[in-house]
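Have a look at the structure below, then the notes.
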Protein chains: 2
Amino acid sequence: MRKGEQTRGAILERALSLASQLGLEGLSIGRLAGDLDLSKSGLFAHFDSKERLQVQTLEHAAERFTEVVVRPALAAPRGEPRVRALFERWLRWPRVVPQAGGCIFVAAAVELDDRPGAARDRLVQLQRTWRETIAATVRSAKAEHHFQESVDPEQFAFEIQGIMLAYHQAARLLRDAGAGARARQAFERLLAAARRR
Amino acid sequence: MRKGEQTRGAILERALSLASQLGLEGLSIGRLAGDLDLSKSGLFAHFDSKERLQVQTLEHAAERFTEVVVRPALAAPRGEPRVRALFERWLRWPRVVPQAGGCIFVAAAVELDDRPGAARDRLVQLQRTWRETIAATVRSAKAEHHFQESVDPEQFAFEIQGIMLAYHQAARLLRDAGAGARARQAFERLLAAARRR
DNA sequence: GACAAGAACGAACGGTCGTACTATTCAGAC
DNA sequence: GTCTGAATAGTACGACCGTTCGTTCTTGTC
């Protein structure tokens, strides 16, 4: 049947935004049901447990992330342009896929880093995949001779991630209007160091 | 009287570690009281409200941070050594001042970035002070001619913060044993770019 | 040792949480 | 139109939440 799938999708889309604000633990089934005009028990039946809801919310986020960040970026030309595309699309994605509290992966990373369980396990997988996506893109930039042979793709991924996290904090906590400019400047410096010679 | 102060200190020290794990919202008065063999109401009386407990926990964290990170770093020679001291002491501080869940400011930044209130306001202040501390140290490194004149202290602070956040995520979420090495390499690259000529 | 103030306690409050059951409504195949 | 299973609603539960209140123990001062 199809109605269930549809409701489920609506729940997860809302859960994604709510969890970005309140965290995966702060995400409450009652609140979620109220927002969607569903009964608590009706909503609950879709997931059987809160932990499963949390995991599915991450799963849903990952699917949307692939749709709006990774896949389009892979359509950019190999090499540096693709690295840029990944970066720029990451900056925008919490608005493209509505997450009122900012990137859910940033929030979940801090929340789950010391809470064992299925949600943490899945998040770690996703985060590893993301770092590997960046690293692979950097490798292709080396293959295209855009970047020097000496560039370490994993180190590059680490540093990009740092810029993203600093941006997230400056923009959201400090409400620093110049956060985007700072992030781009840091990114350009990183690119220049990889490219230069 | 003095007994109260003493208990209060013990509560805050424990609250700091607990909040680093569960977040300032996840921090529960009942749990905290249980850990310290106090009654819920007895503990509560020290703070009058949960929000005040949260703010005081941040305040306590800030004092300890100044003690073990900022003040000792300011004892290092002006210029690049002082920048290094800030960085290295930051890396270690969640172990020096026990925070089982990692740096509480990192956790609180993500948690409070969209939750208005006294705790958020205080955290923003603290974070601004911290960035300014880094920037001032960078300015002194310029004055000592360790760094080029063209270095932007605020941009430098932004990028250091990024490295710290990336380290936190790699070490804690991904349990990446090489996180420290990655962070130091990124830091050296940042220093080299500021120094070079 | 009396006394007052401070510190801690125990019980209870109204709420919300996740979860378990049962009952009802509804969509799609025949 | 009927039947069936999926989808949703309703109700109740025990646990824990922050908070209040009145009481009791402890501490420091005279």
Anything in the stretch B:155-190 that is of a type in the set (D, E, K, R) and either more than 8 Å from chain A (Cβ to nearest Cβ) or assigned to a loop (DSSP other than H, G, I, E, B) (or both)? List them, or say none. B:Arg175, B:Asp176, B:Arg184, B:Glu188
Taking the residues in the stretch B:107-120 that are surrounded by fewer than 23 Cβ atoms within 10 Å (Cβ to Cβ) and in a helix (DSSP H, G or I) as candidates, determine which candidate is nearest to the other protein chains (Cβ to nearest Cβ). B:Arg120
Considering residues of the stretch B:41-93 that are touching a Ser or Thr at 6+ places or on another chain (Cβ under 9 Å) and not in a helix (DSSP H, G or I) only, the residue surrounded by the most Cβ atoms within 10 Å (Cβ to Cβ): B:Gly79
Condition first: within 12 Å of chain B (Cβ to nearest Cβ), out of contact with any Gly (no Cβ under 6 Å at 6 or more places or on another chain) and either touching a residue at least 24 places away in the same chain (Cβ under 8 Å) or within 16 Å of DNA strand D (Cβ to nearest atom) (or both). Can you find one or more residues in the stretch A:50-59 that meet it? no
Could you identify the single residue in A:Arg195, A:Arg139 that is touching a His at 6+ places or on another chain (Cβ under 8 Å) and more than 9 Å from chain B (Cβ to nearest Cβ)? A:Arg195
Taking the stated definitions as given, is A:Leu123 buried (at least 20 other Cβ atoms within 10 Å of the Cβ), at pLDDT 95 or above and either small (Gly, Ala, Ser) or part of a helix (DSSP H, G or I) (or both)? yes
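Yes/no per residue for (1) more than 16 Å from DNA strand C (Cβ to nearest atom); (2) of a type outside the set (D, E, K, R); (3) modelled with pLDDT of 95 or more:
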position	(1), (2), (3)
A:Glu25	no, no, yes
A:Gln54	no, yes, yes
A:Glu63	yes, no, yes
A:Leu74	yes, yes, yes
A:Pro81	yes, yes, yes
Output the residues belonging to the stretch A:10-39 that are free of Cβ contacts under 8 Å to residues at least 12 places away in the same chain, in a helix (DSSP H, G or I) and within 11 Å of DNA strand D (Cβ to nearest atom). A:Gly30, A:Ala33, A:Gly34
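The values are calculated or read from the model by the stated rules, or taken from the named source; none is laboratory data. Since this is a predicted model, take the numbers as computed values, not measurements. Note: ideal-geometry Cβ built from the backbone for every residue, glycine included; neighbour counts use all protein chains shown.
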